[in-house]
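Read the structure below first, then the notes.
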Amino acid sequence: MMTQYEIVVGLETHIQLNTETKIFCSCKADSWGAEPNTNICPVCSGLPGVLPVLNAEAVQKAALLAAAMHAEINPVSYFDRKNYFYPDLPKGYQITQFDEPIGKGGYLDIHMPDGSTRRVHIHKLHLEEDAGKTKIEAGRRLVDFNRCGVPLVEMVTEPELHSGDEAAQYLTELRQLLRWIGVSEADMERGHLRCDANVSIREAGSTVLNTKTEIKNMNSIESVRQAITLEAQRQIAAVEAGERVESYTLDWDADTGTLRKMRSKETEADYRYFREPDLLPVKLSEEEIKYIKSIFVEPGEVTPPQPSHDLESKDISFGVSISKPTLTQIELPYNRKMRFIAEYQLSAYDADILTSERSLSDYFEEAVRLSSAAPKTVSNWMMNDLLRLMNDLGKSASELRLRPAELAEIIDMVESGKISPATGKALLKKVEESGQKPAEIVAAEGLGLIGDEDALRSQIQAVLSESPNEVASFRAGKESLLGWFVGQVMRRTGGKADPKRTRELLLEMLKK
Ligand code: ZN
Ligand code: MN
């Protein structure tokens, strides 16, 4: 009998926080595309005689992420020095959190396409500074310190994922969450979200953890899925052939879709951790922790619609008394999706897409509130037309000039027969481009439907008089010509005839 294997995967992620400045100095945090070594200062380039100053925004965002991950927020956490030598680390140590990190425990529920849910626990969640980058050019190793000191949250899962697909789903939902709560751009290609995977296999039903390999340099979710799948297959083949899995570090090559052995892993390096003497402990008061936790509303607690705000540092003030008791509440993406299904009778598919980004879900709820149309109608407009417009323009919902109020106005004009659906669709773009109100454009361009029935009748009569052969054919039984007549009326009126009313009048007048 063939042995059944279970794949065991743990993910180590590094999340780049989207703070204004670096974690211990006032250099800009984001220097994507900048010339090497142009975004550095004595602190982040490790010159002697300087002192780090902790960035409160990084602490806020890390605490917010911890709360969103259902982790316990540590009232007192510490920074430590992790000592190692590498060219991209000018100080010779990384400032990180070791045994008393900001977050403890926590989990993320992931939702597989087959409808099953899996809870993935977090082993560790801590703040740290990023290192620089090195590259080899013309035989020389070059270093760029621009990234030194960029704030990161490192988050390690328990080995609870069991396939490349599950790992990919974890990262997909983590990325959505990071953007949703506004703590990271979470762009894997830009390294805002980095992931290493520990992969091992075991006999199904067993609970032992066998020797694992570590995969590095996967910079897309698809790469993570493929690399893990491939590595698990390789390990199974090795074990089936009577070999042992050795502890390797593997490098993913996205161009060829292959794994390359980087080095066999030696024993865990001795980093000689000790407390960072240049920084004070990070203290969060009970009130602050309560505040952070209360930002996330549980299912049933939310009264839609919610105001859309991004997390700003003024919303929470650490180390100072909290001056803003009003909360900017955040409903987590999956909870919101389930509420959209229950409350607005959306399909799971529509709800999934409308909650892919927080600004899009806010946009939808606001449009539903302002429109007299059914939520499903608003959803259709967004799924079919608004998303296409956003895609064409490369804009997110919050960047559109066409606000939910305008979308609701356009939908209502179509629903009440003031304008045709085609005019409504064209209006989306016109409002977006001009910034004018829909009703103004309709009035200025004379886009309203012919409301006067006599006027419509005379247009139809004109079409019938011009087409005696078609009228005869229709009356002889070729009823499929009705659509053609509607088209002729539309052409004659420049699309301003109400299609439904035109059809009714045509039938009445043709049957005479
Ligand atoms: Zn700096
Ligand atoms: Mn790390």
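Numbers at a glance
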read-out: Inter-residue pairs, beta-carbon under 7 Å, first free of Cβ contacts under 8 Å to residues at least 12 places away in the same chain and in the range 43-66, second β-branched (Val, Ile, Thr) and surrounded by fewer than 23 Cβ atoms within 10 Å (Cβ to Cβ), 6+ apart; value: 50/43
read-out: For residue 197: the one exception among (1) within 16 Å of ligand 1 (Cβ to nearest atom); (2) crowded, with 21+ Cβ neighbours inside 10 Å; value: (1)
read-out: Number of the condition not met by residue 417 [criteria: (1) assigned to a helix (DSSP H, G or I); (2) surrounded by fewer than 17 Cβ atoms within 10 Å (Cβ to Cβ); (3) not aliphatic (A, V, I, L, M)]; value: (1)
read-out: Residue 60, sole failed condition from (1) part of a helix (DSSP H, G or I); (2) modelled with pLDDT of 95 or more; value: (2)
read-out: Residues (surrounded by fewer than 20 Cβ atoms within 10 Å (Cβ to Cβ) and within 16 Å of ligand 2 (Cβ to nearest atom)) located in the range 151-187; value: 154, 156
read-out: Which listed residue, of 28, 104, 22, 91, is free of Cβ contacts under 8 Å to residues at least 40 places away in the same chain and within 15 Å of ligand 1 (Cβ to nearest atom); value: 28
read-out: Residue 16, sole failed condition from (1) under 30 Å from residue 200 (Cβ atoms); (2) surrounded by fewer than 20 Cβ atoms within 10 Å (Cβ to Cβ); (3) in contact with a Gly (Cβ under 8 Å, 6 or more places away or on another chain); value: (2)
read-out: Strands (runs of 3 or more DSSP E) fully within the range 87-190 counting 2 or more residues that are touching a Leu at 6+ places or on another chain (Cβ under 9 Å) and under 30 Å from residue 37 (Cβ atoms); value: 93-96, 117-129, 133-137, 151-157
read-out: Residue list for the range 127-172, filter: within 25 Å of residue 44 (Cα to Cα), away from ligand 1 (no atom under 16 Å from the Cβ) and either among the aromatic types (Phe, Trp, Tyr) or touching a residue at least 40 places away in the same chain (Cβ under 8 Å) (or both); value: 127, 134, 141, 142, 153, 154, 155
read-out: Filter result (out of contact with any helix residue (DSSP H, G or I) (no Cβ under 7 Å at 6 or more places or on another chain) and either within 16 Å of ligand 2 (Cβ to nearest atom) or of a type in the set (A, V, I, L, M) (or both)) within the range 23-52; value: 24, 29, 34, 40, 43, 47, 50, 51
read-out: Given (1) touching a residue at least 12 places away in the same chain (Cβ under 8 Å); (2) within 16 Å of ligand 1 (Cβ to nearest atom); (3) surrounded by fewer than 16 Cβ atoms within 10 Å (Cβ to Cβ), number of the condition residue 35 does not satisfy; value: (1)
read-out: Some residue of the range 215-224 being in contact with an Asp or Glu (Cβ under 7 Å, 6 or more places away or on another chain), buried (at least 19 other Cβ atoms within 10 Å of the Cβ) and over 26 Å from residue 99 (Cα atoms); value: no
read-out: Check on residue 109, at pLDDT below 95, surrounded by fewer than 16 Cβ atoms within 10 Å (Cβ to Cβ) and among the acidic types (Asp, Glu); value: no
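This table checks each residue for (1) assigned to a helix (DSSP H, G or I); (2) basic (Lys, Arg); (3) modelled with pLDDT of 90 or more.
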{"residue": "470", "(1), (2), (3)": "yes, no, yes"}
{"residue": "474", "(1), (2), (3)": "yes, no, yes"}
{"residue": "485", "(1), (2), (3)": "yes, no, yes"}
{"residue": "488", "(1), (2), (3)": "yes, no, yes"}
{"residue": "496", "(1), (2), (3)": "no, yes, no"}
{"residue": "500", "(1), (2), (3)": "yes, yes, no"}
{"residue": "506", "(1), (2), (3)": "yes, no, yes"}
{"residue": "509", "(1), (2), (3)": "yes, no, yes"}
{"residue": "512", "(1), (2), (3)": "no, yes, no"}
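The values are calculated or read from the model by the stated rules, or taken from the named source; none is laboratory data. This one's a predicted model, so the numbers in the text were calculated from it and none came from an experiment. Cβ: placed from backbone, ideal geometry, glycine included. Neighbour counts: every protein chain shown.
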